[in-house]
Structures are given as C-alpha cells and as structure tokens.
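Okay, structure first, notes after.
The values are calculated or read from the model by the stated rules, or taken from the named source; none is laboratory data. Predicted model, so just to flag it, every value in this text is computed and none were measured. Glycine also receives a Cβ, built like all others from the backbone with ideal geometry; neighbour counts cover every protein chain displayed. Calculation scope for accessible area: heavy atoms of the full protein, side chains included, ligands and nucleic acids excluded. Shrake-Rupley method; radii C 1.70, N 1.55, O 1.52, S 1.80 Å.
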Amino acid sequence: MIMLNYLARQSRPGAFTCISCLAQLSRAWKRTNSTSGSESHLRIPKSPRKLELPSSPARTRFAPSPTGYLHLGSLRTALYNYLLAKRTGGQFLLRIEDTDQKRTIPNAEKRLLEDLRWAGLEWDEGPEVGGPYGPYKQSERTTLYQEHAEKLLSSGHAYRCFCTSQRLAELAKLRTEQNLSPDYDRTCAGISKDESKERAAKGEAHVVRLKVPDVYPEFNDLVYKKVGNTKRIGANDGYEDPVLLKSDGLPTYHLANVVDDHHMKITHVIRGTEWLPATPKHLVMYQAFGWTPPEFAHVGLLVDDKGNKLSKRNFDTDIASFRDKSGVFPEALSNFVALLGWSHKNKTDVMTMNELVDNFVMKFTKGNSTVTLGKLWFLQQKHAIRRIDAGGPPFDKMVDDVVAIVEKDLDSAKYEVILGKRNLREYVASIVRSAAKKEWSTPKAFVEQCDYFFTLPEPPSAHQDVALSLPFIQAIKTLPQDQPWDSEPIKHAIKAGMSNWCTTEGRSEKEGYQLLRGLVANGKHGPGVHEIMTILGREETFRRLGAEAFGEQASSKT
C-alpha cells in the first residue's frame with residue numbers, strides 16, 4: 001500500500017502496469033493529487049520537458065535472467081536500450097543475471113544469445129565479446145557484491161537479518177490476515193553491529209537487508225516525470241527492507257543491478273514499469289554509496305486486447321517460436337516490437353534496424369501497450385517485398401523455406417508433372433518473386449495459398465465456359481513458339497483475346513478475368529493471370545485452359 005500511495009502522488013490512474021493494483025491506485029490517486037516536498041539530499045538531473053536524446057553517448061544494458069527464454073516484452077526492453085546506445089554513438093551491454101541458481105534453465109543462456117543475435121541485436125560488451133568492465137555474468141561477480149554489502153552494513157544502511165524462513169512466513173501470514181502488507185517488522189534491525197558480526201562469524205544463517213528511509217529519494221523518470229517522497233503511514237505499516245544478500249551469499253536483483261550499473265558505467269536504464277516501485281530502493285543505495293545514478297525511463301507493460309498481461313495463452317510465446325514455427329522475419333519482429341509503446345516521426349512504420357536507429361528518440365507512451373498480431377503480419381508482408389526487391393540471402397531464405405514445405409507436405413508426383421525438366425528451387429523462386437509481393441505471412445500459409453502452382457487441376461468440365469477458353473487460347477496461340485514464354489507478350493495476347501471476347505459475348509472484362517483465373521489458378525487471388533501463366537509454363541497453361549483441341553500447342557515444350 002505504501003508503494004500505491006507513492007505512485008499515486010506522482011501519476012495518473014492507468015499509467016502503471018500492476019494490473020491487480022490498478023483499482024487501488026486509481027482510488028489512491030484521487031485522494032492524493034499533490035506532491036509533498038522532498039527531504040532527500042540526492043541530486044539527480046532533471047529530465048527535459050521534451051523527451052530528447054542525451055547530449056553525450058549513452059551506455060545502456062540488457063540484463064536477462066536465464067530462468068526463461070526471450071519473450072516479446074524482454075525483446076522490447078533489449079531493443080529500446082540497443083536503439084538508444086546506437087542512436088547516440090554509445091555502447092550496448094549484455095549482462096547475464098544468473099544468481100537465481102534454483103530457477104536457472106540449463107540452455108536458457110545459450111538461447112538468449114542466439115535469439116538476440118537473430119533479432120539483429122549485437123552487443124558491444126558482454127558474454128562471448130568481453131569488455132573492460134567484465135565479467136558480465138553475475139555469478140562470477142559474487143565477491144564484488146559481498147564487498148559492497150559490507151560497506152552498507154558498516155555505514156548503517158543495511159543490517160543482518162537472522163529470522164528463519166518459518167518466522168518470516170508466519171509474520172507474512174499474520175499481517176495478511178490483518179489486511180496489512182506482508183512487510184518485515186525489523187526484528188533484527190536492533191541487533192548491535194558487534195553481536196551481528198559475531199553471529200555471522202559463527203556461521204549463523206542470515207540475509208542482509210537494506211534499511212530504507214522514511215522518505216524515498218525523489219527522481220525524475222524520463223517517461224513519468226517526478227516520482228518520490230513516499231512517507232510511511234501508521235505504526236503497523238511495516239518496513240520495505242528488501243533483501244540484498246541471500247543466505248547463500250549471492251545477491252538479489254536489487255543489490256546486483258545497482259552495483260553492476262555503477263561499475264559498468266551505465267548512463268541510461270530503460271525497463272518496464274513493473275520495476276518503477278523498486279527504483280526508489282535502488283536510489284537509496286546510490287545515495288548510500290555516494291554514487292550518481294543513471295537516468296531511468298520506465299515503459300508500460302504489453303497487454304492483450306482485454307488489458308491482461310501477456311501470457312503463453314495470449315501469444316506471449318518465446319521469440320524462437322515466432323522464428324521457427326511461424327517463419328517471422330527478424331526485421332519484421334524487431335520492427336513490430338519497437339512500435340509497441342514508442343512514437344516516431346518517420347513517414348512509415350516499416351523500418352529496418354538501421355532505420356529504427358536513425359529515427360529513435362526516447363518518446364514512449366505512458367501506460368500499457370496493447371498487442372495485436374495484425375500489425376505484425378502487415379509488417380511481415382512489407383518486409384517480404386523489401387526482401388524480394390533486394391534479393392540476396394534474405395530472399396534465398398524465403399525460397400528455401402518454401403521448398404522445404406513443398407518437399408515435406410506435397411505430393412511430388414503431382415508437382416513434378418508441372419515442373420517438367422525445370423529445377424524445383426528455380427520454379428519456387430519465380431513463384432515467391434511474383435506471388436509473395438501480393439501475400440506473405442508464413443511459408444506454410446504461402447504454400448497453401450499458392451497450391452495451384454503445385455497441384456494438377458481437374459480436367460475442364462463439360463459445362464465449362466468454352467466461349468471463354470477458345471478466344472484466349474486462339475490469341476495466345478499466335479505467340480511465336482520459337483520465342484521465350486514471357487509475361488509481357490502473354491499479357492498483350494490475353495488483353496486482345498479479352499477485348500474480342502467482351503465484344504462478341506457482351507460480357508464485362510472483370511467477369512472475363514474472374515473466369516480465366518478460375519481456370520489457371522482455381523479461382524484463388526494472387527499475381528496477375530499473365531504472371532501465373534508465365535510461371536506455369538506454356539504446356540501447363542494450355543493444359544489448364546482445356547487445350548486438347550490444340551494438341552500441337554499443348555505438347556510443345558515449356
């Protein structure tokens with residue numbers, strides 16, 4: 001409740017991310033619409049009225065925990081920090097926060113590195129790269145954290161807590177039953193330094209807790225502006241004294257991230273608003289150590305269309321799933337994630353990583369961002385067009401993915417008849433080059449939409465519109481057989497045949513093209529019919545037009 005009142009003094013309802021506390025926050029905000037004066041001596045630079053870029057190169061970091069895989073929210077955090085560093089000519093660091101040994105997943109760190117690189121984020125310092133402020137894994141920095149915990153103990157800003165887990169559980173249960181926050185009661189804060197040190201030296205299990213002040217330091221968040229000045233209300237309100245050093249000697253997030261950010265010279269921290277309530281505690285440590293804190297920018301949570309935090313049930317799957325199961329392009333996913341809570345002045349939302357860097361400013365949306373996948377598929381289509389136009393390895397990857405699905409899922413006996421002497425990969429490349437500009441989401445969906453390129457159609461039925469077929473066949477038949485079967489001559493021949501057919505039959509051109517598409521593409525939308533005929537080849541085209549009356553044409557080589 002302390003933090004709710006604290007947040008309420010500084011913002012408006014809906015701007016924060018703890019969904020379960022939103023109603024309480026709204027009520028608290030209505031009760032407290034003014035900000036009390038600060039009692040802190042910590043001097044922190046004020047944020048500019050407009051969210052501009054820093055005047056000097058920014059050093060930013062992404063510090064994932066290998067207790068899980070990279071998801072949309074964590075990718076966005078990494079991306080924003082990466083963009084700020086690159087936009088200002090600074091450095092982007094990767095730091096692995098692996099102190100929670102019990103929850104660590106064996107292959108998570110390896111996957112994190114792979115997924116970040118796949119998404120286009122290369123770190124300047126960190127694992128596999130090195131740097132002047134390593135090591136970049138917290139499990140290898142334990143001595144440093146213990147030294148700084150001792151400094152806080154010596155200065156009186158921290159104390160050892162010898163309470164057992166059983167007592168803490170009973171205390172939390174009792175306070176919850178009394179409708180109080182499950183905070184600590186500072187039973188061990190009154191133990192003298194000498195007694196505390198002696199008990200620790202004898203091996204008595206303990207943790208180290210931060211002793212928070214009655215008034216938190218005020219700070220200027222780059223998104224939510226002025227935050228701070230929370231005062232404790234009532235004797236039973238408890239004490240938000242977080243654990244800094246666990247009984248196994250390993251640090252918690254609170255201590256480790258402050259110590260690391262200082263020693264790694266981090267200038268800016270962009271992270272989710274779920275960490276906004278913890279920031280004052282971190283500033284207490286900066287103040288206790290006599291350090292200047294980095295600037296903070298807290299961005300809202302990613303939620304679904306009902307306002308619920310993303311979960312595995314509403315597409316918050318890990319990044320590898322987008323890549324491996326859906327075939328999403330890395331540039332499309334990074335583009336999509338960047339737009340979730342960030343504003344720009346570029347003329348289009350479609351941007352490569354370099355374009356994101358060039359357009360990046362710290363202008364973030366207050367409050368949560370709703371995730372809908374429609375925008376992702378829009379960007380996927382636009383980036384598909386860019387890949388096709390540029391060619392090279394990205395386009396080759398599209399072709400390879402389609403070929404793999406064709407060979408795995410389709411009947412080779414059928415598409416080999418259509419191929420004739422042509423190479424499957426070259427045939428698929430021509431399909432992708434033409435049809436993917438009209439529609440591309442995933443390789444599997446593309447094959448399903450364009451299955452008429454790989455499946456032999458049923459023979460023309462007796463009731464088929466012969467009046468349609470003959471004029472077009474006659475027009476196409478006039479094309480010299482000793483010349484290549486190219487799109488433009490076919491297009492002109494179809495146009496001439498269509499004009500003749502419309503005049504003699506008294507029917508519309510639109511209707512004619514619909515009927516023609518029904519014959520060559522099973523009525524499915526896609527490239528123009530002349531493009532489809534070009535890809536299919538001369539022989540397959542005449543077969544589909546019911547050209548048995550023109551045997552010499554149907555039997556000619558593709």
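Let's see how each residue does on (1) under 21 Å from the mean Cα position of the chain (by Cα); (2) of a type outside the set (Asp, Glu); (3) open to solvent by 50 Å² or more (accessible area, probe 1.4 Å):
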{"site": "Lys325", "(1), (2), (3)": "yes, yes, yes"}
{"site": "His344", "(1), (2), (3)": "yes, yes, no"}
{"site": "Val357", "(1), (2), (3)": "yes, yes, no"}
{"site": "Ala413", "(1), (2), (3)": "no, yes, yes"}
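Residues in region 89-109 that are open to solvent by 50 Å² or more (accessible area, probe 1.4 Å), modelled with pLDDT of 95 or more and of a type outside the set (Gly, Ala, Ser): Gln91 only.
Checking each residue of region 290-309 against the condition of being more than 22 Å from Thr60 (Cα to Cα), touching a residue at least 40 places away in the same chain (Cβ under 8 Å), open to solvent by 10 Å² or more (accessible area, probe 1.4 Å) and of a type in the set (A, V, I, L, M, F, W, C) gives no match.
State whether the residues of region 470-484 include one that is at pLDDT 85 or above, of a type outside the set (Lys, Arg), crowded, with 19+ Cβ neighbours inside 10 Å and out of contact with any Cys (no Cβ under 7 Å at 6 or more places or on another chain). No, there is no match, as no residue in region 470-484 is at pLDDT 85 or above, of a type outside the set (Lys, Arg), crowded, with 19+ Cβ neighbours inside 10 Å and out of contact with any Cys (no Cβ under 7 Å at 6 or more places or on another chain).
Let's see how each residue does on (1) modelled with pLDDT of 95 or more; (2) in a loop (DSSP other than H, G, I, E, B); (3) in contact with a Leu (Cβ under 8 Å, 6 or more places away or on another chain):
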{"residue": "Trp123", "(1), (2), (3)": "yes, yes, yes"}
{"residue": "Leu144", "(1), (2), (3)": "yes, no, no"}
{"residue": "Lys151", "(1), (2), (3)": "yes, no, no"}
{"residue": "Arg167", "(1), (2), (3)": "yes, no, no"}
{"residue": "Asn179", "(1), (2), (3)": "no, yes, no"}
{"residue": "Cys188", "(1), (2), (3)": "yes, no, no"}
{"residue": "Glu198", "(1), (2), (3)": "yes, no, no"}
{"residue": "Gly203", "(1), (2), (3)": "yes, yes, no"}
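The number of residues in region 341-374 being in contact (Cβ under 8 Å) with a residue 60 or more places away in the chain and assigned to a helix (DSSP H, G or I) comes to 4.
To keep it simple, each residue is scored yes or no on (1) under 30 Å from Val223 (Cα atoms); (2) at pLDDT below 95; (3) among the hydroxyl-bearing types (Ser, Thr, Tyr).
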{"position": "Asn368", "(1), (2), (3)": "yes, yes, no"}
{"position": "Leu379", "(1), (2), (3)": "yes, no, no"}
{"position": "Ile385", "(1), (2), (3)": "no, no, no"}
{"position": "Val403", "(1), (2), (3)": "no, no, no"}
{"position": "Glu407", "(1), (2), (3)": "no, no, no"}
{"position": "Leu410", "(1), (2), (3)": "no, yes, no"}
{"position": "Glu416", "(1), (2), (3)": "no, yes, no"}
{"position": "Tyr427", "(1), (2), (3)": "no, no, yes"}
{"position": "Trp440", "(1), (2), (3)": "no, no, no"}
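Ala493 meets all of the listed conditions (1) modelled with pLDDT under 80; (2) open to solvent by less than 20 Å² (accessible area, probe 1.4 Å) but one, namely (1). On the stretch given as region 204-221, residues that are open to solvent by 50 Å² or more (accessible area, probe 1.4 Å), more than 17 Å from Leu250 (Cβ to Cβ) and either in contact (Cβ under 8 Å) with a residue 24 or more places away in the chain or of a type in the set (Gly, Ala, Ser) (or both) total 2.
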